[in-house]
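Data first, discussion second: the structure below is written as structure tokens.
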Amino acid sequence: MKKNKLGVYLLVLVILGLVIASFFTSNTIADPENYQCDSYSTIFSLLPPVIAIGLALITKEVYTSLLAGIVVGALQYANFNLEVMFNTMLFHEEGGMVYKLADSWNVGILIFLVLLGIMVAMMNRAGGSAAFGKWASKHIKTRVGAQIATMMLGVLIFVDDYFNCLTVGSVMRPVTDRHKVSRAKLSYIIDATAAPVCIIAPISSWAAAVTSSVPEDAGINGFAVFLQTIPYNLYALVTLAMVVFVTLLRVDFGPMKKHERNALVGDLFTTTDRPFDEKDEEVGNPKAKVLDLILPVAVLIVACIMGMVYTGGFFDGVDFITAFGDADASVGLVMGGFIALIFTFIYYLLRDVLTFKQVAECIPDGFKAMVAPILILSLAWTLSGMTNLLGANEFVSGVVEGSAAGLQGFLPLVIFLVAAGLAFATGTSWGTFGILIPIVLGVFPSGQMMVISISACLAGAVAGDHSSPISDTTIMASAGGHCNHVNHVATQIPYVLTAMVVCGIGYLLIGILNLVGAMNVAVIVTPICILLMVLVLLVIRKYAGKEAKE
């Protein structure tokens, strides 16, 4: 309660101070076309996300915290001019909320969320989730088995992180609930097998994003570069190893330990907040079969893949890999979602597990289930837009360029940390490597150091994205696990930081080995990092204690 009051007081003081400052500024802008705020591309450009993230962790209220960050960013951009602030926050073409929600790519993602919500509601109403839960209870006997099965499903669904988060959550939530795995732990496993898997999967929307981030005039094949970065992407590899060993060694630490202890006695949430409606969970249906869950999910996966390669020109003669690289993930996922929804609708009616009236009732239910992530995403996109308007990306890219000369041995570590910081502050890994990859190529146009540096950039972007409260993927993982968003962030950050420390050591070793002329250094460093991760977890278990058995 005291923390909540402190957060409210801080929020009120920040907003009040900024509003008072606005009265001492001009109400007009002399040259709107060449306008630039006073804090552009300075360290103060990072203030909005810092305020939003800090308030979210203190108050546990994500909506008001994001809104506070947006207001602060808009006031900074307007140089404390209230009129300009409101216009910027709502109507600026590059960062305003109205324009963010009018963006076709963003709208496509929101529609995809609604489609998935409707499908999940239909699968629950038809009894498919309950049938799968009963089947899984016969084959998955332990908490360890439930967590490993969740991870394996996350690895198998490597096409897109949004799709991964929501599908894995809807399929595995009944199973992990039965084995008393906390919703925070479920959301962590979902998140840890979303972006970290997609960033090392050649056929994924992330591979397409990385490929498109390589400038056309660089003279190199972007997809070939992406393939070369996979062995050097330490954060993705270490995070996947961490999920396995945290589960097998039964060790939890930080706030997650409290959530897991509470789950063992029947409290899966720890806090009183229930952001998602659980009334349709585990609905029984005597006619339901496991196939009623598996088949719609399989159709969804295939339809989304086909939808993505269709947007890339696959059916016009373009080869599959190129089509995936040129795909529009937003359009492809919406197409795949609609096809899967229509199939599921017809399939359930033919199977006589749902009536037409019940299917119709699932439409608003599915939409309502996605209101929370849609709202958070809308605010997060706007906050990211405010941060970009303040030139945070240019400030961070300048840090990288300034550190390039004379620091080649440390440069992989520097790039990793800078990328992580930028992705954490802006909530976008795609935007992060879109900014930094051209800079890296300008410093290292070819050779092993180019591959190492791009790998460090991608790894840092995923690490920052993984821990950022305003990241799309983090929000989707909370939605997939039906977990309070702030709980998910607070419990996940210690795990992310642990993996980042290990990766930082790894990139320092890679930089040093590259300086002395070693080749294929990933073969040496990656096993060392995984071994170091295991040793760290053993030390943590010694002091934090081993998780109790069921």
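The values are calculated or read from the model by the stated rules, or taken from the named source; none is laboratory data. Please read all numbers here as calculations on a predicted model, not as lab measurements. Reconstructed Cβ throughout: ideal geometry from the backbone, glycine too, with neighbour counts over all protein chains shown. For accessibility, only protein heavy atoms count, side chains too; no ligands or nucleic acids. Shrake-Rupley method; radii C 1.70, N 1.55, O 1.52, S 1.80 Å.
Estimated at 0.36 nm per residue, the fully extended path between VAL536 and SER446 surpasses their Cα-Cα distance by 28.9 nm. When Rg is the radius of gyration of the Cα atoms in region 269-392 and Rh is its Kirkwood radius, what does Rg/Rh come to? Computed over Cα atoms, the ratio is 1.08.
In this structure, ILE43 and ASP103 have a Cβ-Cβ separation that, at R0 = 30 Å, corresponds to a calculated FRET efficiency of about 0.60. Highest mean packing first, where packing is the average number of other Cβ atoms within 10 Å per residue, the peptides 289-297, 66-74, 265-273 line up as 66-74, 289-297, 265-273. In terms of packing, defined here as the mean over residues of other Cβ atoms within 10 angstrom, the peptides 354-360, 372-378 line up highest first as 372-378, 354-360. From the alpha carbon centroid of region 228-251 to that of region 114-165 is 22 Å. Stokes-Einstein, applied to the Kirkwood radius of region 483-550 over Cα pairs at a viscosity of 1.002 mPa s and 20 °C, places its translational diffusion at 152 µm² s⁻¹. Computed with every protein chain present, the accessible area of TRP105 is close to 80 Å² [probe 1.4 Å].
How many angstrom lie between the Cα centre of region 67-106 and the Cα centre of region 323-394? Answer, in whole Å: 24.
Within region 100-165, what whole-number % of the accessible surface is contributed by carbon and sulfur, with the 1.4 Å probe and all protein chains included in the calculation? Reported share for carbon and sulfur atoms: 71 percent.
Measuring how big region 61-169 is from its alpha-carbon positions, Rg and Dmax come out at 20.9, 63 Å. With the convex hull of the Cα atoms taken as the outline of region 411-518, the averaged projected area works out to 6.6 nm².
Do the alpha carbons of any pairs in LYS180/LYS287; LYS258/LYS289; LYS180/LYS357; LYS100/LYS357; LYS134/LYS542; LYS100/LYS180 sit beyond 32 Å of each other, and which pairs?
LYS258/LYS289; LYS180/LYS357; LYS100/LYS357; LYS134/LYS542; LYS100/LYS180
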